[in-house]
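Q: This is the structure I want to talk about, given as structure tokens.
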Amino acid sequence: MHAPRGLRVALQTILQLTLVAAAFQHPFLHSDYRNGWDQYDEGLFTPFENLDLLSETQFTVLSHPVFPSHNVRIKKSSFCDDTVQAYTGYIDIQARHIFFYFFESRNDPDTDDVIFWTNGGPGCSSSMGLFMELGPCRISANGTTTIRHPESWNSNSNIFFVDQPIGVGFSYADYGETVSTTEEAAKDMAAFVFIFFEHFTKFKGRPFHMAGESYGGRYVPVFAAEVYDQNTKLVEAGLTPINLTSIMIGNGITDFYHQVSSVFDMQCTSASVPPIMDIATCVQMKQIIPRCQQWLEESCLDLFDNINCRAAMDFCSAQLESPFWLTGMNPYDISKECEGGLGETLCYPVTRSIRSYLDRPEVRTMLGVDPSLTANFSSCSSEVGRAFIEKLDEYRNTQHYVAALLERGVRVLIYVGTYDWICNWVGNERWTLGHGVERTKKFTDWFDSERERFDFCDRRRGRTHGAV
């Protein structure tokens, strides 16, 4: 199961960077969209407008006639970052309820961009991203309070952290309903963003970015595609589309085919650290790779066959991935051993502090966590993970969504740390460079904001690829 990696906090700390970019988003034109909803009667809807009017003690329920099955419950929640307004709530889809956090920008919430963030798994809570990586605060070692994080992404953006799908984090279902494919989950996320922007119109037209990590490499392109396609219907109905500007994927699983074979490079070559596997095992793995690739091509790519694709993945995983689990190394940072056990801490003991904090009754009350949730907080849901595995959700061609977004002017950023084994930079480099884009120019001197020179920077038409 893919899961959050705690060492990727800011882009300047990443050792390997792969960047894919396209031109600015094409403007939405009414003539571009033919298959929309019926024209919308704006007299049926009055926006709430003012976030400042939200209560800290009870939810305000937001709805919109375009999505009659969806509501948004939202309240103020003064925690984590006392320099900005923070909000929490639920996206209610009849009997399904998806929890979210929303933090305004520290810089200028009235003009800054908006980011949607999801962690991976499938089945891992975005509280991991919030409290371990890019969020406004950290949790104290004893799990009793928060500590301001100065390098948070909300330094210059308004940002959502969403516990999705159902069954993740503080999300829940009334009668055991589940979501087990990314395409199903995407519809709820697109509806949520629309309802929020319609009620708080100051965010309309702002650049909107969808971001995630690990299994977010599957989630984010599909979610963004749903937002883009939903925009066609909104325009047809006379409504304001979401200004989808970019997607950002960190250490993602977007193309499973290239990722499967790349674990050999991470274990048996110096692609990251010196080889960690014995020579005999590496030779056996090397000989298995062509057979795996052929079987995967025939059963999962050329023609998707559930039974044969599952058999191919089971075989390839047993031959190429299973040896790693015997090493005791951290799959998210192979330069060190796993601390605390993968099942209990995801190899990062700080997750214990996060669980302790989110289990405190006063914290749950402050956040508005539904009282029906009495179990201890879990960083990742094995039930959700199994449901997605059962549907073979990971083995779909998500890179095609990325290509389609690029064709439509949505920019794409793929950033990957060299020490991550499970969603590694080798596999990500292979699929991002595999689009056949003609090289137009090569730059050898390219610097980040700290004036640190990239080892190489290869710029191609609409795409930049670099490494540090």
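FYI, it's all coordinate maths here, none of it is from the lab. Given the structure is predicted, the values throughout are model-derived calculations rather than measurements. Cβ atoms come from the backbone with ideal geometry, glycine included; neighbour counts cover every protein chain shown.
Q: Out of (1) touching a residue at least 40 places away in the same chain (Cβ under 8 Å); (2) more than 23 Å from Phe223 (Cβ to Cβ); (3) not acidic (Asp, Glu), the odd one out for Pro150 is which?
A: (1)
Q: So how many residues does region 103-136 have that are part of a strand (DSSP E or B) and surrounded by 20 or more Cβ atoms within 10 Å (Cβ to Cβ)?
A: Of the residues in region 103-136, 7 are part of a strand (DSSP E or B) and surrounded by 20 or more Cβ atoms within 10 Å (Cβ to Cβ).
Q: Now for a different question. For the structure I just gave you, tell me whether Ile289 is closer than 21 Å to Gln267 by Cα and either out of contact with any Lys or Arg (no Cβ under 6 Å at 6 or more places or on another chain) or of a type in the set (Asp, Glu) (or both).
A: The answer is yes for Ile289.
Q: Can you confirm whether region 198-214 contains a residue that is part of a loop (DSSP other than H, G, I, E, B), in contact (Cβ under 8 Å) with a residue 24 or more places away in the chain and closer than 28 Å to Ser356 by Cα?
A: No - not one qualifying residue is present in region 198-214.
Q: Determine if region 401-419 includes at least one residue that is of a type in the set (Lys, Arg), farther than 19 Å from Val263 by Cβ and crowded, with 20+ Cβ neighbours inside 10 Å.
A: The answer is yes, given that some residue of region 401-419 is of a type in the set (Lys, Arg), farther than 19 Å from Val263 by Cβ and crowded, with 20+ Cβ neighbours inside 10 Å.
Q: Mind listing just one residue for me: the one in region 351-368 that is part of a loop (DSSP other than H, G, I, E, B) and not basic (Lys, Arg) and, of those, surrounded by the most Cβ atoms within 10 Å (Cβ to Cβ)?
A: Among those that are part of a loop (DSSP other than H, G, I, E, B) and not basic (Lys, Arg), it is Gly368.
Q: Tally the residues that are among the hydroxyl-bearing types (Ser, Thr, Tyr) and farther than 20 Å from Asp393 by Cα, restricting the search to region 160-206.
A: The qualifying residues number 4.
Q: Mind counting the residues in region 299-335 that are of a type in the set (A, V, I, L, M, F, W, C) and assigned to a strand (DSSP E or B)?
A: Count: 2.
Q: If you don't mind, there's one more thing I want to ask. Looking only at region 137-180, count how many residues are part of a loop (DSSP other than H, G, I, E, B), farther than 20 Å from Arg364 by Cβ and either touching a Phe, Trp or Tyr at 6+ places or on another chain (Cβ under 8 Å) or not charged (D, E, K, R) (or both).
A: Residues that pass the stated criteria total 11.
Q: (1) within 26 Å of Ser69 (Cα to Cα); (2) touching a helix residue (DSSP H, G or I) at 6+ places or on another chain (Cβ under 8 Å): which one isn't true of Lys202, the others all being true?
A: (2)
Q: If I ask for residues that are part of a loop (DSSP other than H, G, I, E, B) and surrounded by 10 or more Cβ atoms within 10 Å (Cβ to Cβ), which ones from region 43-57 would you list?
A: The answer is Phe45, Pro47, Phe48, Glu49, Asn50, Leu54, Ser55, Glu56.
Q: Further question on the same structure: Residue pairs, Cβ under 7 Å, 6 or more apart or interchain, first in region 224-242 and touching a residue at least 60 places away in the same chain (Cβ under 8 Å), second among the polar types (S, T, N, Q) and part of a helix (DSSP H, G or I). List them.
A: Pro241/Asn231
Q: Which residue is nearest to Leu433 (Cα to Cα), if the candidates are limited to region 254-287 and must be part of a helix (DSSP H, G or I) and small (Gly, Ala, Ser)?
A: Taking the candidates together, the pick is Ser262.
Q: Okay, moving on. From Ser77, Ser127, which residue is under 26 Å from Arg360 (Cβ atoms), touching a residue at least 40 places away in the same chain (Cβ under 8 Å), polar (S, T, N, Q) and touching a strand residue (DSSP E or B) at 6+ places or on another chain (Cβ under 6 Å)?
A: Ser77
Q: Are any residues in region 89-98 in contact with a helix residue (DSSP H, G or I) (Cβ under 8 Å, 6 or more places away or on another chain) and buried (at least 23 other Cβ atoms within 10 Å of the Cβ), and if so, which ones?
A: Within region 89-98, Ile91, Ile98 meet the criteria.
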